[in-house]
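In what follows, a single structure is set out as structure tokens and then discussed.
No lab work stands behind these numbers, since they all come straight from the coordinates. The structure displayed is predicted, hence computed values, not measured ones. Here the Cβ positions follow ideal geometry from the backbone for every residue, glycine too, while neighbour counts run over all protein chains shown.
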Amino acid sequence: MKVVILCGGQGTRLKEETEYRPKPLVPVGGMPILWHIMKTYSHYGHKDFILCLGYKGDMIKDYFLRFEELANDFTLNLRSKNERIIHHNKGNLEDWNITFINTGQEAGTAGRLAQVKEFVGDEKEFLLTYGDGVAKIDIGKSVKFHQKHGKVATITGVRPPSRFGEIGIRGHKVVKFNEKPAVAQGYINGGFMVFKQSIFDSIGADKGIMLEREPLEALVKRGQLMMYSAVDYWHCMDTYRDFLHLNDLWNKGKAPWKVWK
């Protein structure tokens, strides 16, 4: 299946980083969070990507055009410029096919998706996610779940970590302290979605429309939206605190989303 990744938002709540680059290029362990997302999909055999670009989209194009040099050490002959020796210190070059589509700075998520319909082609189903969230999720099982229920769309429901610590007390005595518990009730859409081609029938011509509003709400009314919730870990890059947290996990070798070797 082709994988559509929404990479066009401005990431205003992460201005410490996104003032200088698009959020999908914000690094985790020295590699863009977008790379981590693509590594997850490619681990499950999905290596054909469509990137919906917007804010600072040219930087994403430039990154992948120079990916081999940026991801590895290399030796360059300054006089000829063409005599390069790449030292593949981070493994082999990824076997990915990437289509870069400029979907505009102001487009909504549904508007961005509508603009890449021709690149999705005639495939009966495709995958869609956001360019700022990592997860430990079995993509293959989510696809099987989607195909089994036969509805138009499957979203991945996740319980995000709480922004506040949780304190358990007995009388005045603290008996439990959890710094970052998962929200006990209620799911949010964590991305990692699966759609049938017919989702495009639910998207109008207005480029400003958000996928999470009218299109998905219409599917709910028709009973055509299902939720997959077998997710072992999920976290988005929403704030600078998230940036520090994800990098801390990676640097300690405790990144739950790293399913590849």
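Overall dimensions of segment 202-261, expressed as equivalent-ellipsoid semi-axes from the Cα gyration tensor (√(5λ), whole Å, largest first), are 34, 17, 9.
Take 231-242, 32-43, 69-80 and order them by the average number of nearby Cβ atoms within 10 Å per residue, most first; the result is 32-43, 231-242, 69-80. Have a look at L14, L249, L93 and tell me which one the Gaussian network model of the chain (Cα, springs below 10 Å) gives the largest fluctuation. Highest fluctuation among the options: L93.
For the chain, a Gaussian network of Cα nodes joined below 10 Å ranks Y55, Y20, Y130 by mean-square fluctuation, and the top entry is Y20. Take the alpha carbon atoms of segment 109-146, find their center, do the same for segment 1-73, and report the distance between the two centers in whole angstrom. Their Cα centres are 15 Å away from one another.
Based on alpha carbons, the Rg and Dmax found for the chain are 19.8, 75 Å. Sequentially through segment 110-117, phi angles give Karplus couplings (6.51, -1.76, 1.60; θ = phi - 60°) of 5, x, 5, 4, 4, 6, 10, 3 Hz, Gly and Pro residues having no value and appearing as x.
The C-alpha atoms of segment 1-107 occupy a region whose extents along the principal axes are 43, 33, 25 Å, arranged from largest to smallest.
A cut-off of 5 Å between modelled amide H atoms, ignoring neighbours fewer than 5 places along the same chain, links T99 with F49, I50, L51. Database remark: amide H of F74 closer than 5 angstrom to the amide H of H87 (H placed geometrically; neighbours at sequence offset of 5 or more, or on other chains; Pro and chain starts carry no H).
Here are some pairs, K15/K124; K15/K252; K23/K196; K15/K151; which of them have Cα atoms lying more than 32 Å apart in this structure? Table pairs above 32 Å Cα-Cα are K15/K124; K15/K151. Against the compact-protein benchmark of 2.2 N^0.38 Å, the Cα-based radius of gyration of segment 73-152 scales to 1.67.
Between K23, K148, K15, the Gaussian network model of the chain with springs among Cα atoms under 10 angstrom shows the greatest mean-square fluctuation at K148.
Over the chain, DSSP H runs of length four or greater, each weighted -39,500 (n - 2.57), average out per residue to a 222 nm ellipticity of -7000 deg cm²/dmol.
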